[in-house]
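For reference, the structure discussed in these notes is given below.
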Amino acid sequence: MQTNFTSAQLADPHMAASEKILRSCVHCGFCTATCPTYLLLGDELDSPRGRIYLIKDMLEGGKPATAEVVKHIDRCLSCLSCMTTCPSGVHYMHLVDHARAHIEQTYKRDATDRLLRALLAHILPYRNRFRLALGAALFAKPFRPLLAHLPRVGKRLAAMVALAPPRSPAVTAEPAPLTRADRRRVAILEGCAQPVLQPAINAAARRLLARADIEVVRVAEEGCCGALVHHMGREAQALEFARRNIDAWITAIDQQGIEAIIITASGCGTTVKDYGFMLRDDPLYAEKARRVSALTCDITEFLDRLDLPAVSTAPKRAVAYHSACSMQHGQQIRDEPKRLLRNAGFTVRDVPEGHICCGSAGVYNILQPEIAGRLRDRKVGNIERLRPDIIATGNIGCITQIGGGTAIPVVHTVELLDWAHGGPMPPALERAPGLNSRVVQFPLA
Amino acid sequence: MSSIAFPTPDPAILARRDDIIAGLAALLPPECLVTSEDERRAFETDALTAYRRLPLAVALPRNTAEVAAVMAFCHREGVKIVPRGAGTSLAGGAIPQEDAVVIGVSKLNRILSVDYANRTARVEAGVTNLSISDAVMPDGFFYAPDPSSQLACTIAGNIGMNSGGAHCLKYGVTINNILGVKMVLIDGTVVDIGGQALDPAGLDLLGLIVGSEGQLGIVTEATVRLLRLAEGARPVLFGFDSSEAAGECVAAIIGAGIVPVAMEFMDKPAIEICEAFAKAGYPLDVEAMLIVEVEGSEEEMEAQLARICEIARRYGVKVVKESRSATETALIWKGRKSAFGATGRVADYICMDGTVPTSQLPYVLKRTGEIVASYGLRVANVFHAGDGNMHPLILYNVNDPAEQAKAEAAGNDILRLCVDAGGCLTGEHGVGIEKRDLMRHQFSEVDLTQQMRVRAVFDGRWLLNPAKVFPLDGRIAA
Ligand SMILES: Cc1cc2nc3c(=O)[nH]c(=O)nc-3n(C[C@H](O)[C@H](O)[C@H](O)COP(=O)(O)OP(=O)(O)OC[C@H]3O[C@@H](n4cnc5c(N)ncnc54)[C@H](O)[C@@H]3O)c2cc1C
Ligand code: SF4
Ligand code: SF4
Ligand code: SF4
């Protein structure tokens with residue numbers, strides 16, 4: 001597309017990067033057809049092509065964001081389905097990140113919106129604060145209907161509380177790390193929300209790696225990857241998180257020789273893989289960020305490269321595999337998780353309309369509960385048509401979101417793999433009525 | 001850019017903008033009406049982005065009744081209307097004008113009913129072309145016309161442009177696959193045209209509606225024909241040493257009375273662009289390639305392929321490569337159907353749509369290359385060769401006004417070449433604004449006048465999509 005930036009505007013590297021992205025868009029409209037919000041709303045302004053146009057106009061004009069533009073950008077899930085579809089290779093993710101930062105700097109949201117966003121940005125990325133808040137949310141659960149009636153924020157607060165798991169998760173014991181000089185070493189991102197909500201996921205990943213004689217190095221200083229705040233346009237906070245993680249991992253790479261940074265939440269994976277771009281103009285961090293991004297991989301990518309022993313006792317459980325947007329669109333990982341599940345003996349079924357988001361999308365389900373709810377119902381409907389025993393996915397957000405709409409247990413892919421390879425049954429299956437009694441002897445090995 | 005003129009907006013309408021918007025707001029809920037400048041901006045163009053006009057307002061009605069109410073209102077107020085589907089027109093068919101209300105049918109996106117016994121489906125006009133096939137594919141059916149934009153373009157737009165696609169060689173274009181439409185006339189009257197079967201009694205009004213580029217009314221529903229999926233289908237890639245040889249081979253296959261389901265042409269620049277995107281296994285060491293698809297039972301496919309191979313050998317085919325799996329087939333078509341978008345990775349482009357008799361393909365291909373080179377530009381050719389529907393993509397830099405002018409001039413030369421070679425201006429993309437001023441090269445004044453007289457029966461005041469199709473001067477009134 002034609003663009004109209006002045007050379008002064010293009011001197012700003014952010015602007016130059018966005019201009020390049022806009023130039024590559026040919027306005028063919030292909031992306032509209034696979035955009036979840038366009039499917040629901042039927043308005044080009046809530047489609048990628050429309051949003052790209054809004055962003056183009058806003059950036060070219062050097063204008064502060066208007067309420068109209070903010071409305072449509074806020075409705076974007078950042079699911080990146082549009083990037084998978086686009087034949088021209090338009091990097092929508094970097095464009096919308098730029099737009100969100102611009103909105104954060106130039107637009108004043110109303111007081112309740114600011115409060116809600118500040119709450120999320122100050123609680124979710126911090127494990128301890130989040131743990132406390134979760135306690136409060138559990139306490140608040142019975143009051144949800146009341147909350148929903150609070151003017152303006154009510155629906156969104158209720159949505160937040162609804163996402164809290166039904167009980168405070170127990171911390172499972174993990175195998176003690178053994179150190180041996182010749183062992184392969186990796187780090188696993190602990191991050192923020194996931195270890196609090198579902199500690200069983202990383203525990204399962206560790207057991208799988210331990211069986212392959214791979215040591216998981218503890219990197220104490222790491223924390224939230226920054227994705228949550230990045231999607232809210234809080235760029236400075238996101239970059240601060242990124243730098244802290246990079247420092248921690250570079251030390252681990254240089255001193256402990258880790259060969260990979262493994263991520264078990266694809267939402268985080270997309271962001272950590274993007275550190276190299278996010279910090280490209282930071283002279284102190286650009287190179288380190290690139291190194292970190294290059295070593296980052298999803299747990300299923302890593303396991304797929306290992307020679308996991310075949311599982312002889314086929315579990316015969318039908319698994320609906322839900323590919324998180326951050327997995328299939330953000331990281332273009334499609335076949336590895338399904339291949340691993342099949343090799344572990346599960347029957348894997350593809351979900352119809354599988355390219356469409358479940359509505360989780362970071363904190364989207366809290367900020368836009370209405371659209372998120374419609375997307376969840378659509379997703380659950382598509383999954384339940386398959387009549388699976390279990391739903392597997394690779395992202396904590398999807399687990400919580402989909403789990404809130406169906407009685408079928410939702411688990412992380414690695415929990416199933418660990419179980420098939422001799423680990424404990426995933427906690428969600430133990431809780432599922434009917435299922436645990438049928439499969440209690442599995443695996444036989 | 002500006003070599004194609006738009007009519008001067010009517011100052012009286014612009015002055016009444018607030019009243020007009022208030023009138024529309026009384027008919028539609030806020031989420032169905034776009035009025036702020038920021039938001040209207042996103043509707044200022046379609047896939048011919050070099051031309052842009054900010055509309056007065058955009059209405060996104062949810063059903064036929066709302067479309068009718070908005071049209072009756074606009075008619076009463078003398079406000080122009082530009083119908084819009086998905087806005088993927090390459091001819092600028094959906095580009096607005098400043099004194100017009102865009103009526104978009106994107107919220108009319110449901111499949112209403114499917115009737116396998118009679119092999120029809122009734123759909124709202126805003127459903128995308130591909131979603132019809134997606135819905136009936138599990139039961140072994142499909143909707144045949146397959147524009148490369150089928151993922152996104154709507155049945156409404158397909159009807160507007162009488163769109164075609166790769167597989168139309170065998171199955172016909174939109175007009176051959178639409179059985180009936182529900183249409184809102186300019187004054188808000190709702191009419192049903194056609195029926196449940198091909199060729200209903202009475203005047204063939206459907207033939208008039210399909211391809212009328214939004215100038216006769218707004219289509220809100222359509223009954224489409226469903227076909228049974230063939231037993232098997234297999235695309236085969238044929239690589240040649242020159243574009244002319246590939247063109248001659250096409251002419252010879254058609255000349256021998258063979259009708260494959262699809263016969264697509266790509267020259268070297270197009271092959272390289274598409275292969276980089278789709279990794280479909282296209283041969284990179286040839287100058288031109290044909291994708292020929294055959295279908296039917298295994299024996300039928302073998303028999304047809306044998307005859308095609310025999311002809312291809314006579315024209316010095318260098319590479320013959322059959323698809324061996326469903327995945328390969330999907331990739332081969334993904335590459336072809338993404339051709340225009342993927343071209344966006346290397347340059348801006350305008351896409352021509354002239355059609356010539358297949359016997360003229362080698363000559364026109366050669367002349368096209370010469371014309372574009374004489375303007376100092378590059379060209380990539382990727383098109384529906386079986387029906388002679390050429391799509392030279394003229395590559396240029398849209399941020400450079402001089403190149404824009406050269407690209408347009410080269411495009412006009414190519415379209416004239418097509419007409420002079422016994423063909424026509426448009427195979428499937430429609431006239432829109434893009435080819436409007438070339439209409440006189442193809443049609444005599446008498447022809448054009450007769451066409452406008454038919455048009456005037458539906459819209460005597462030129463309110464419906466008036467900037468398009470007919471040259472701006474010499475228009476006749478009712
Ligand atoms: C990458 C790419 C590839 C393409 N490939 C092909 C191809 O292979 N074959 C092909 O034929 N075309 C192709 N096209 C062109 C385009 O997709 C078609 O013309 C398509 O039919 C337009 O559909 P739309 O829904 O986008 O309609 P729009 O572009 O919105 O409108 C098209 C025309 O129809 C009119 N119209 C829209 N809605 C209505 C309605 N409800 N009632 C009456 N009139 C209406 C509009 O006013 C306009 O004149 C391609 C376009 C792109 C961008
Ligand atoms: S598919 Fe890509 S090139 Fe086409 S409109 Fe969308 S972003 Fe632009
Ligand atoms: S990221 Fe998802 S929601 Fe946002 S524009 Fe792209 S497809 Fe639509
Ligand atoms: S993606 Fe989410 S859960 Fe993961 S570390 Fe980042 S912010 Fe935390």
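None of the figures in this text is laboratory data; all of them are computed from the coordinates on show. Model, not experiment: these values are computed from the prediction. Positions of Cβ are generated from backbone atoms using ideal geometry, with glycine treated the same way; all protein chains shown enter the neighbour counts.
To one decimal place, what Kirkwood hydrodynamic radius in Å is obtained for the protein assembly as shown from all pairs of distinct Cα atoms? Provide the component values of the computation, followed by the final result.
Numbers: mean 1/r = 0.0337 Å⁻¹.
Across the protein assembly as shown, the inverse of the average 1/r is 29.7 Å.
Where the Cα atoms of segment A:184-303 are projected onto their three principal axes, how long is each span, largest first, in whole Å?
Taking max minus min along each principal axis of the Cα atoms, segment A:184-303 gives 40, 31, 23 Å.
Under the definition of Cα pairs under 8 Å and six or more residues apart, what whole-number percent is the relative contact order of segment B:233-340? Please list the in-between numbers first.
Values: 167 pairs, mean separation 48.9, N = 108.
The normalised contact order for segment B:233-340 reaches 45 percent.
Quick one: Kirkwood hydrodynamic radius for segment B:274-391, alpha-carbon pairs, angstrom, one decimal? List each step's numbers first, then the result.
Working: mean 1/r = 0.0619 Å⁻¹.
Every distinct Cα pair counted, the radius reaches 16.1 Å.
In whole Å, what are the Cα extents of chain A along the three principal axes, biggest one first?
67, 52, 42
Starting from the 7 Å offset along Cα-to-Cβ, what nm value, one decimal, do you get for the label separation of B:Glu302 and B:Lys170?
Distance between the two pseudo-spin positions: 1.8 nm.
By the gyration tensor of its Cα atoms, with a ≥ b ≥ c the square roots of the eigenvalues, what is the shape of chain B: rounded for a/c under 1.5, prolate for a/b over b/c, or oblate? Each step should come with its number before you reach the end.
Working: a/c = 1.90, a/b = 1.42, b/c = 1.34.
Prolate is the answer for chain B, as a/c is 1.5 or above and a/b outweighs b/c.
Working from Cα positions, state the angle (0 to 90°, nearest 10) between the long axis of helix B:361-374 and the longest principal axis of chain B.
It works out to around 70 degrees.
With r as the distance between the Cβ atoms of B:Glu77 and B:Cys309 and R0 = 51 Å, compute the FRET efficiency 1/(1 + (r/R0)^6) and round to 0.05. Intermediate results must be reported in sequence, preceding the final value.
Working: r = 63 Å, r/R0 = 1.23.
About 0.20, to the nearest 0.05.
Neighbouring Cβ atoms within 10 Å as the yardstick, rank B:His429, A:His122 fewest first. Don't skip to the answer; put the middle values down first.
On the way: B:His429 29, A:His122 13.
Ascending number of Cβ neighbours within 10 Å: A:His122, B:His429.
Explain nothing, just the number: dipole magnitude of the protein assembly as shown about its Cα centre with +1 on each Lys and Arg Cβ and -1 on each Asp and Glu Cβ, in debye rounded to the nearest 20.
Details: 98 positive and 103 negative charges, 589 e Å.
Around 2840 debye, computed over the protein assembly as shown.
Give the percent of DSSP beta bridges with both residues in the protein assembly as shown that are antiparallel, rounded to the nearest 5.
On the way: 57 of 87 bridges.
Given both bridge residues lie in the protein assembly as shown, the antiparallel proportion sits at roughly 65 percent.
Which of the three applies to segment A:7-106, rounded, prolate or oblate, going by the alpha-carbon gyration tensor with a ≥ b ≥ c and a/c under 1.5 meaning rounded?
oblate
What is the helix-to-structure angle for B:298-314, meaning the angle in degrees between its Cα long axis and the longest Cα principal axis of chain B, kept from 0 to 90 and rounded to the nearest 10?
The answer is roughly 80 degrees.
Just rank B:Cys249, B:Cys424, A:Cys25, fewest to most, by other beta-carbon atoms within 10 angstrom. Please report the intermediate quantities before stating the final value.
Values: B:Cys249 28, B:Cys424 17, A:Cys25 25.
By the 10 Å Cβ count, ascending: B:Cys424, A:Cys25, B:Cys249.
Residue separation times 0.36 nm, minus the C-alpha to C-alpha distance between B:Thr8 and B:Ala22: what's the value?
2.7 nm
Using +1 at the Cβ of each Lys and Arg and -1 at the Cβ of each Asp and Glu in the protein assembly as shown, identify which of B:Val372, B:Thr8, A:Thr37 lies farthest towards the dipole's positive end.
Checked the options; the winner is A:Thr37.
Just to confirm the number: angle between the C-alpha axis of helix B:268-278 and the first principal axis of chain B, 0 to 90 degrees, nearest 10?
Relative to chain B, helix B:268-278 is tipped by roughly 80 degrees.
Which order results if A:Phe302, B:Phe443 are arranged by neighbouring Cβ count within 10 Å, fewest first? It would help to have the intermediate numbers written out before the result.
On the way: A:Phe302 22, B:Phe443 18.
Lowest to highest Cβ neighbour count: B:Phe443, A:Phe302.
Rounded if a/c is under 1.5, else prolate if a/b is larger than b/c, else oblate: which is segment B:278-318, with a ≥ b ≥ c the root eigenvalues of its Cα gyration tensor? Before the final figure, lay out the partial values.
Values: a/c = 3.54, a/b = 1.39, b/c = 2.55.
Cα axes put segment B:278-318 in the oblate bin.
In nm, to one decimal, how far is the modelled label at A:Arg184 from the one at A:Glu287, with both set 7 Å along Cα→Cβ?
Once both label points are built, they end up 2.8 nm from each other.
Defining a contact as two alpha carbons under 8 Å apart and six or more residues distant in sequence, what relative contact order in percent does chain B show?
Working: 1036 pairs, mean separation 70.3, N = 478.
After rounding, I find 15 percent.
What is the list of residues in segment A:180-220 whose amide nitrogen lies under 19 Å from a point 7 angstrom out from the Cα of A:Asn343, following Cα to Cβ?
In segment A:180-220, the label zone of A:Asn343 (backbone N under 19 Å from the point 7 Å along Cα→Cβ) covers A:184-186, A:204-215.
How long is the gain from A:Lys71 to A:Arg131 if the chain were fully straight, where each residue apart is worth 0.36 nm and the alpha carbon distance is subtracted? Could you put the intermediate results ahead of the total?
Numbers: separation 60, 0.36 × 60 = 21.60 nm, distance 3.13 nm.
Once the chain is fully extended between A:Lys71 and A:Arg131, it gains 18.5 nm.
Using the basic label-point model (7 angstrom from Cα toward the beta carbon), what is the B:Ala409 to B:Ala256 distance in nanometres?
The answer from the label model is 4.4 nm.
Tell me, in nm to one decimal, what length is gained between B:His441 and B:Lys321 on full extension, where the rule is 0.36 nm per residue of separation less the Cα-Cα distance? Intermediate results must be reported in sequence, preceding the final value.
Numbers: separation 120, 0.36 × 120 = 43.20 nm, distance 4.14 nm.
The B:His441-B:Lys321 span can extend by a further 39.1 nm.
Return the calculated 222 nm mean residue ellipticity for chain A, to the nearest 500 deg cm²/dmol, obtained by summing -39500 (n - 2.57) across DSSP H runs with n ≥ 4 and dividing by the residue count.
On the way: 26 runs with 232 residues, N = 445.
After summing the helix terms and dividing by the residues of chain A, the value is -14500 deg cm²/dmol.
Sorted from largest to smallest, which semi-axis lengths in Å does the alpha carbon gyration tensor of segment A:308-438 give for its equivalent ellipsoid, taking the root of 5 times each eigenvalue?
Details: eigenvalues 120, 52, 31 Å².
After diagonalising the Cα gyration tensor, the semi-axes are 25, 16, 13 Å.
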